[in-house]
Structure formats: structure tokens, C-alpha cells
């Protein structure tokens, strides 16, 4: 596959090749996308009928790129008499300036052609190519080309205008030009998308949403975003690079939600550029000490879309939090269930956890009171619809066998949950980390009930239930032979006995008794799970282990950050430090941008982390990883009105200084040093 | 306008105490369109309360729906969010009011409690014996299903289909 260049602004993004061209690809997401629709699938620039060859690509900003091109293929003699510069910006709309430069002393007569086309594919049709059910047409104007897709009342349009006159046809624009000696010709192509809504207007206008922004506005927003975040000073260069990269990537992944016209974070480019309950909440948990402003819009939007009834197609139940929200054709015509889809068993307890964690940092008790009934409904779900089999655990099984998700935990690929010998258990399944989240949700829910809702009886009940769950869980999920927790229970209540990274999440949740924690930590850092670059999703001796398996052997940075948090919670600072160090080492090979996942090969076999071929990047919870690791290294924990700072920086990492950490204490600085002696410093 | 629609509007105030315990305020106008005729309904929301009126007033949001489609909403045969995404219904103004109304629409007719279904299935499979696990690892196909996992783009093939009740085969 050719290397690709992406620029993005939340859920509007362009993926092209290194010339800036988009070649038709029915089954791969190259193109210009917005709100889950591909608005351009062909965008090819030629000079006198010839494709152009990239000399270099400049990723100026996440929303801006430049391509320096010359005619001819790389094997040919480069005709340096003419060159082309494409300058592209995305900010709600899509703008491209095409400049042709004549480097010779003679006038240059040239034909510049931009081939334009759109298949208006829904993102899910790219995952699974199929015939479009609607009609596409092209309208040729004097200086514009309009492409339109219609299916009943559903309509999508993209309009392309040019500032320089040209010959417009249904498939593109042709410019016959003469450039004076050492002169230049350029045109600006401006693309706007329309999604038809109320009164024949674009839905963003009907809902009073912000549309496109200028480059200056985008730059200003980014500067502001970066200025709000704590400043990091560190001797560890990879950590500093990763920190800055993460802040920028999280800015890039923000988009304006239709439902609440606030900014939410999308999950990952290119497949997951939309709201996911699980991903957005994990990202918020990771980023809370740094970018707390991300949390309230996420919580409000998820609460606004909380499940209200039983819907088998969408796996919806009252009180459940959504899994995925899409805006495209397949969601509208109910070919896919994402309007929204509720197929995740963890988003509901995570919602309770995030509300509590957010209050502990921010002191924003108003939001806790505002969300009281949503949180109560979420806690009710855990014990009602969540407990499918009535055995005191969260179970999942999709009721939509056509297009629902089989595995409704974070490891949601079909083979992710297996017995040690490779067999797959029947449904429903109760994975272990779900029970940890449920336990934590009850403990945190109790604190909210007692502190903010004036309901001590409910708090007592939740704590009692949490204690019972902990006891039950430690009896049923423990695999005595291996001394670890099973990945799941099967329908007979027997352990699905695979060793997996899920046990690290149990430490984070606090469901592990102290006398078992050391065993869990030893497994996480042991040779079966720890590759040297991080903790693998699945142990190397499992039947389905594959170092390139999506959830069955690769290393996920997000997973590792939660594991490091869990180890820290139980006092395993050295072990948490090893994971932080490994992630920093890996980040170096990705220019500070940790991908969704990388291969699980042992570090002794590879001097670098092997890239997972189709990993999403940037990915929100991978971008959140360096942030959470910093929290773990510095030991940042809110306690009452104060921030506890208790650093444990691994040897060789040097100084880590984080200034202006926001929270209920306003701003606080933290300092950690690996040698000669660890220090803590607080300046309220 | 159908009887079901009238019943639906009449039931809103009584259900608000239970369904609308969220801080939320404003008026939603619902335009029911049939040919050239449009009927207006107004629902004014407040925490734990909702009032329904036919009297013209200022609205913070407007939901426009064909009358027969709205009848499908109130009888649980169609879902408003999807209808808005395919532009069969439209919303303008403060969309939170539309989401508030959404809470009052019922489930589809004949829908069963998923717990009942799951427990029956497990009990039945216990009776017929244990054939509920599947084969060791092999190459195979991948899911095209909803959601998170980017099926179809993994370098290694993944799953073999799970056999057993209530599960499915994947088609690549």
C-alpha cells in the first residue's frame, strides 16, 4: 500500500497519497470525508495528462499540508522546468490551492486537469463494499461543479468552485494556461459539503452549529488549547515529544456533536471518526489532569443519548450508555444500528466512574447533581439488564445477529475472548474487566450518593453490593492453577481460563484483594504477557496468541496506560515505571504518536516495535496514553481540596516537571526526579 | 392524525415525572404533515414535567414529521433518530428537546425482555447438552458487524464461526 497523508478536523478529514491525489478505492477509506460520508473518492491532478510525482510533503499542521510535485515518474528524468505546489487546508470545508511554477526562461503552455468524482460511500460500505441504492448526478456550472447523491429524502452534496476560469465537465475541471517565463499560475479550489436537513437547508445551519473556520481561527484555537494544558519540562525527550504530540492530536480529533453542539473527541482515524462511548470516556479519564474541559461535553452528550427502552436492533436497554453514534446513510436507513448503537457492556459503569473521577479533580458538584438521574439509571442497569443471567455479573450477548457486535467489551473482535486452548465460549459472556468496572462504579456511586445526593441509604446499599460482588468475583474468576483471573465466565459459570491483559484493568478497578495483587502484577510483567515494549493483549501460550492479532497478541498503548494506573494503585511503582518506560521507548519510533496497537513480538527479536498494519492513527486513547503515564509517574491523586503528588520516576528518566496542573486547587506544579533521590514538590 | 398520536400526546404529562428527571427546559413544536395540511403540537418541558398544548406559541425547536411516520414512532414501529438521519423527519433549533421527546416513545411491539430470552436460551442449551464451544484456532473470515472493530482490514484472518444457539456466521 502506498504511504498516505491525512489531515483532519474532527470527523471531517482527507486521506490522500503523497501527491495529494485520491484514487478511487471502494474498499479503503481514502478520500474526503465528513460525518461518515465520503464526499470525494476521486481527486487527481495531472499536467498535460501526466500524473505528478512527490518531491516532499509538508505536514504543516494537523489541518494543513503542502505537496511539492514535479511531472513524471521517479524512474524518469525529472523535468524540473515546471513544478507544482498543492496547499491544502481542512476546517469544516476543504480548500486547496494549486500553483504551477514555470522555472524556464520560455513561456509554458500547459493543460492542468483535476479529475473529480464522488461515490458518496457510507463508511460502512467501505468496510463492506456494495452497490449504492440512490442516484448520483453532476451539475456543471460556470465556475463550479456540484455532485449530488439522493436516496428518497436523503441527500448529500459536494460543491467544488474554482477561482480561475476553466472548462468544467461532469468529471472535473480543465485549465489551459500559459505561464510567463519564471512565472506562476494558481487557482483556489473550495469544497463545501451539504447534508440536507430541515427546510432543505444544511442540518448544521438548522441546528445552529458552527460550520467552517478559517486557518487563522484554527491556529488560534490550537494555541489556546495548548496554552490551557500544563507545561511539561523533562529530561526525557521521547516523553516531551509524545506529550506535545498527544495534546495536538486530541485537539485534532475534536468535532462538533450534532446532538449538543459541543466538542467531543472522535476515536481514531480513519475508521472511528465518531463518538464512541468507551473510547471517549477512557480518553477523558486519561486526559482529566491535563484537559479537563473535554469531560463535561462528553458526559452531557452521552447522558442525553442514554438508552430509554428495549431495542433489539440497537442492543439498547433503559439506562445503558451508547457504544457508537454515526450520521451516515447506513444508520439512517437502518442497514446498520448506529443511531446510536448500544452494543457495549462497559460504557455504562464507565460513565459512573468518569462522573466521579471528574468531580474529584474539578470540584464541579453542579454537574454531579445535574447528572444524578442518569448516573442512578446507569447503576440500575448494572444490576438489571446488565445482569442478563441473574448471577450477579455483567453479561453481554447481542440481540442483533446481523450487524451487532459479538464481543461487547473493549476487545471486540470476534476471536478476542477464548479459552486457553483456543476454543471460543458461548454467549452470553461475562468478561472479567466488566465486573471490575461494575465494582468501581458502585464504590464511586456510593460516594456520589453520600456526598451530593443526600442519600446515605443508597450509598450503604451500593457499598454492600460492591463488597458482595468482590467476594463473588474472587471466588468465581480466580484460576487457582495459574494464580490469575480468567478472562471471562462462560454460561455455566466456569472460568474461560486464558491469561490476558484484562487482569491489569482489575487492578485499576480495585476489585483485587491485596494478597492477590502481587500475583497479578507478576503475570503482567512476566514473559508471557510483557513483550519488552508493553503488555500484550493475550499471553504467548494461549491457543489464539498471534503477535499480529488485533486483540490476541498485539500491544495496545491505551491498555498499558490503564494497567500502569492499576499497578500504581496497588503500590507497584517499579512495575508501573517499567510500563511507562517501555511506552516511552516505543513512542520514539512513532515520532511521539503512539498508534492504536503494535505487534506483540518479543523485544529481544526486534530493535523497534513492529507496526500493526492497519492501526488507526491518530487514535484518541493512544493519544491519551502519555498523559495518563505522566500522572502515574508523578503519582497525581486528588484528595479533598488538594492534589497529592508522589512521584516515582524510573531510573534514567531524569527530571519530570509538570507546571500548572488544573483542578479544584486551581493550578499546582509537580516535580519528579529519578535520581539521586525522589522528590515531591507542591506549590498551591 | 391518528388515535395513537393523540393518546401519545395525552400520556406525556403523566409520564414526565418518571421519564424526565433531568434538568431540561423549553418548548418543542411538533409539525405533523399530511399532504398540504400541517398540525401543530407543542410540548413544554421542565424537570419532571411536561405540558402539551395545541395553542400557538414560541418554540425553541421544531420537529417536522409526516403524520404516518409519527404514528410509527408512537407505536414503536420506527425510531425517530434514524428517521432524522435519513431526512424523513427534520429537527431545527435546540436538539436536546427532540432528545427529551424521544424518551417518551415506546419500545417496538412484541419486544421481549432480553434477560428472559438469555435465561431461556441457557436453560435450553443445558437440557440439550454441552455443544457450545467451538474449534481451535484456524484461519477464517471476519465480522462485518457494527462497531468498533475494523473488520475486513486485519492482516491475519481471525475467527471461525461460533456454533451454538443465538450466534452467527461471519461473512467476509
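Read-outs throughout are calculated quantities, based only on the coordinates presented, and are distinct from any laboratory measurement. For clarity, every value in this text was computed on a predicted model and none was experimentally measured. Using ideal geometry, Cβ is built from the backbone for each residue, glycine included, and neighbour counts are taken over all protein chains shown.
At the listed q of 0.10 Å⁻¹, the Debye profile of the range A:316-445, built from one uniform point per Cα, gives log10 I(q)/I(0) equal to -0.36. Calculate the spin-label point distance for residue B:46 paired with residue B:60, positioning each point 7 Å from the Cα along the beta-carbon direction, and give it in nanometres. Computed distance between label sites residue B:60 and residue B:46 equals 1.3 nm.
Under 15 Å from a label point 7 Å along Cα→Cβ of residue B:18: give me every residue in the range A:293-329 with its amide N that close. Once the point is set 7 Å along Cα→Cβ of residue B:18, A:308-310, A:318-319 turn out to lie under 15 Å by backbone N, inside the range A:293-329. Label sites at residue A:48 and residue A:27, each approximated as a point 7 angstrom past Cα along Cα to Cβ, lie 3.8 nm apart.
Overall size of the protein assembly as shown from C-alpha positions, given as principal axis extents largest first: 84, 77, 60 Å. From the square roots a ≥ b ≥ c of the eigenvalues of the alpha-carbon gyration tensor of the range A:174-304, which class results: rounded (a/c under 1.5), prolate (a/b over b/c), or oblate? Verdict is oblate for the range A:174-304.
Considering just Cα atoms, how many Å³ per residue does the convex hull of the range A:254-393 enclose? Please list the in-between numbers first.
Details: hull volume 15.3 nm³, N = 140.
Taking only Cα atoms, the range A:254-393 has a hull volume of 109 Å³ per residue.
What is the Cα centroid distance between the range A:274-344 and the range B:68-89, reported in whole angstrom? The range A:274-344 and the range B:68-89 have Cα centres separated by 20 Å.
In this simple spin-label approximation, residue A:641 and residue A:655 carry label points 7 Å from Cα along the Cα→Cβ vector, and these lie 3.1 nm apart.
Is there a simple number for the mean count of other chain Cβ atoms within 10 Å of the Cβ of residues in A:321-330, and what is it? It would help to have the intermediate numbers written out before the result.
Details: counts 0, 0, 3, 3, 1, 3, 2, 2, 2, 3.
Mean partner shielding for this stretch: 2.
Take A:310-316, A:466-472 and order them by the average number of nearby Cβ atoms within 10 Å per residue, most first; the result is A:310-316, A:466-472.
For chain A, the longest principal axis of the C-alpha atoms and the axis of helix A:625-634 are separated by about 40°.
Taking the centroid of alpha carbons for each part, the range A:85-127 and the range A:436-469 are 57 Å apart.
Taking a ≥ b ≥ c as the square roots of the eigenvalues of the alpha carbon gyration tensor, the range B:3-102 is rounded, as a/c is under 1.5. The mean count of C-beta atoms from other chains within 10 Å of the C-beta of residues in A:27-37, rounded to a whole number, is 1. Each peptide in A:552-562, A:223-233, A:438-448 gets a packing score, the mean of other Cβ atoms within 10 Å over its residues, and the list from highest to lowest is A:552-562, A:438-448, A:223-233. When the P(r) is computed for the range A:74-148, the part past 19 Å accounts for 63% of the Cα-Cα pairs. Computed from Cα positions, the angle between helix A:372-383 and the longest principal axis of chain A comes to roughly 70 degrees.
Need one value for A:193-205: mean number of C-beta atoms belonging to other chains within 10 Å of its residues' C-beta atoms. Present the calculation step by step, with values, prior to reporting the outcome.
Values: counts 0, 0, 2, 2, 6, 11, 4, 2, 2, 0, 7, 0, 1.
Average per residue, whole number: 3.
Averaging Cα coordinates gives a centre for the range A:537-596 and one for the range A:33-59; these two points are 36 Å apart.
With respect to chain A, whose longest principal axis is taken over its alpha-carbon atoms, helix A:514-524 is tilted by about 30°.
Can you give the helix-only mean residue ellipticity at 222 nm for the protein assembly as shown, where every DSSP H stretch with n ≥ 4 adds -39500 (n - 2.57) and the sum goes over all residues, rounded to the nearest 500 deg cm²/dmol? Could the numbers behind the result be given before it?
Numbers: 23 runs with 254 residues, N = 856.
One gets -9000 deg cm²/dmol as the mean residue ellipticity at 222 nm.
Taking every DSSP beta bridge that has both ends in the range B:3-102, the antiparallel portion is near 75%.
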